[in-house]
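Inspection log for the structure reproduced underneath, given as structure tokens.
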Amino acid sequence: MSEPLMRPMCKSLLSHSVLRMMSTSQRQLRALLMVADELHVGRAAERLGVTQPSLSRQVAAIEKDLGMPLFSRARRRFVLTPAGEIVVAGARELLHRGDEVIRDAKRAHAGEVGSLRLGFVQSARS
């Protein structure tokens, strides 16, 4: 799906799905992305260091939470559905944004970002 065509559809589906996905753990989202990248549950499970049935259950749980299939499992092929493409793109954005928030918070804590306000009293000038 091309980028310009995906944007309007992405916003409407993501606005509903993002709230549901926020309750999904980062671990599950990363697992979903690994399956989407591999398009093979066995290889994705191997890369994640988990069992294939466990990973299949995680993907099924996400699909159940969202109320839609994210992958087509026809003829022993595993491909993303159109809704799956949008959810995977949203999951990537969520994880990326979450990483950015944590990085920015650490920088603020270290004093690397933020604002500094200075003031002076007119009578203190010499």
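The values are calculated or read from the model by the stated rules, or taken from the named source; none is laboratory data. Everything numeric here is computed off the predicted structure, so don't read it as measured data. Counting neighbours? That spans all protein chains shown, and the Cβs are built from the backbone with ideal geometry, glycine included. Surface areas here come from the heavy atoms of the whole protein model, side chains and all, with no ligands, DNA or RNA. Shrake-Rupley method; radii C 1.70, N 1.55, O 1.52, S 1.80 Å.
The table below gives the values:
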| read-out | value |
| --- | --- |
| Pairs where the first residue, in region 60-73, is in contact (Cβ under 8 Å) with a residue 12 or more places away in the chain and the second is open to solvent by less than 20 Å² (accessible area, probe 1.4 Å) and assigned to a loop (DSSP other than H, G, I, E, B), C-beta under 8 Å, 6+ apart | 62/24; 62/70; 65/24 |
| Pairs where the first residue, in region 28-40, is under 13 Å from residue 92 (Cβ atoms) and basic (Lys, Arg) and the second is at pLDDT below 95 and open to solvent by less than 40 Å² (accessible area, probe 1.4 Å), C-beta under 9 Å, 6+ apart | 30/91; 30/95 |
| Residue ID - modelled with the highest pLDDT, chosen from residues in region 67-106 that are more than 14 Å from residue 36 (Cβ to Cβ) and among the hydrophobic types (A, V, I, L, M, F, W, C) | 68 |
| Residues of region 42-74 satisfying the condition of being open to solvent by less than 20 Å² (accessible area, probe 1.4 Å), farther than 19 Å from residue 98 by Cβ and of a type in the set (A, V, I, L, M) | 44, 45, 55, 59, 70 |
